[in-house]
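Beneath this line is the structure, given in C-alpha cells, with notes to follow.
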Amino acid sequence: QVQLVESGGGLVQAGGSLRLSCAASRSIFSINSMAWHRQAPGKQRELVAMLVSSGTTYYADSVKGRFTISRDTAKNTVYLQMNSLKPEDTARYYCRSHELGSDYWGQGTQVTVSS
C-alpha cells in the first residue's frame with residue numbers, strides 16, 4: 001500500500017503554468033505506473049498523463065505538448081508540469097499509482113484557470 005499526497009494546485013490566469021507534485025509514502029521505483037487524472041464539476045474523471053515504470057509516457061490529446069509528467073525516484077515524487085493553461089483545464093487533479101493489481105489515489109489538488 002502507498003499513500004499519495006498532491007500539492008501545487010492553485011489559481012492561475014490562462015496561458016500560465018503550474019507544477020503539481022505527488023509525494024508517495026514509500027519508494028515509487030517498483031510501482032508499475034503513476035498517473036494524473038482530473039475531474040471537473042459535472043464531468044467524469046479522466047486520465048491526463050501516465051508514466052510507466054519503463055519510462056514510457058502517455059498523454060491525453062487535450063494536453064499533449066502542454067503538460068509533462070516526470071518523476072524523481074530519490075524523492076518518491078511524481079510531477080505534472082502544466083504550461084499554456086486553458087480555462088478548460090480547470091479541475092481537481094488526482095494522482096494515482098498502480099501496483100500489483102491495485103490502484104491507490106490521493107485526495108487531489110484544485111487547479112483553477114481564469115480567462
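The figures follow:
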| quantity | calculated |
| --- | --- |
| Close pairs (8 angstrom Cβ cut-off, 6 or more residues apart or separate chains): free of Cβ contacts under 8 Å to residues at least 60 places away in the same chain and of a type outside the set (D, E, K, R) in the stretch 81-96, surrounded by fewer than 18 Cβ atoms within 10 Å (Cβ to Cβ) and not in a strand (DSSP E or B) anywhere | T90/A40; A91/A40; A91/K43 |
| Residue match in the stretch 87-94 (condition: more than 16 Å from G108 (Cα to Cα) and among the aromatic types (F, W, Y)) | no |
| Selection count, the stretch 1-59, where residues are of a type in the set (V, I, T) and closer than 15 Å to T77 by Cα | 5 |
| Matching residues in the stretch 97-114 - criterion: being touching a residue at least 60 places away in the same chain (Cβ under 8 Å) and of a type in the set (D, E, K, R) | E99 |
| Qualifying residue in the stretch 90-101 (condition: acidic (D, E) and open to solvent by 40 Å² or more (accessible area, probe 1.4 Å)) | no |
| Test result for L11, exposed (fewer than 13 other Cβ atoms within 10 Å of the Cβ) and part of a strand (DSSP E or B) | yes |
| Scan of the stretch 57-83 for residues that are open to solvent by less than 80 Å² (accessible area, probe 1.4 Å) and not in a strand (DSSP E or B), ordered by number | A60, S62, V63, R66, T73, N76, N83 |
| For R19: the one exception among (1) within 21 Å of K86 (Cβ to Cβ); (2) assigned to a loop (DSSP other than H, G, I, E, B); (3) basic (K, R) | (2) |
| Where V52 falls short, out of the listed (1) touching a residue at least 40 places away in the same chain (Cβ under 8 Å); (2) more than 13 Å from Y94 (Cα to Cα); (3) of a type in the set (A, V, I, L, M, F, W, C) | (1) |
| Selection count where residues are of a type in the set (K, R), over 11 Å from the mean Cα position of the chain (by Cα) and more than 13 Å from R92 (Cα to Cα), scope the stretch 8-43 | 1 |
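The values are calculated or read from the model by the stated rules, or taken from the named source; none is laboratory data. These figures come from a predicted structure and were not determined experimentally. Counting neighbours? That spans all protein chains shown, and the Cβs are built from the backbone with ideal geometry, glycine included. We work out accessible area using only protein heavy atoms, side chains counted, and drop any ligands, DNA or RNA first. Shrake-Rupley method; radii C 1.70, N 1.55, O 1.52, S 1.80 Å.
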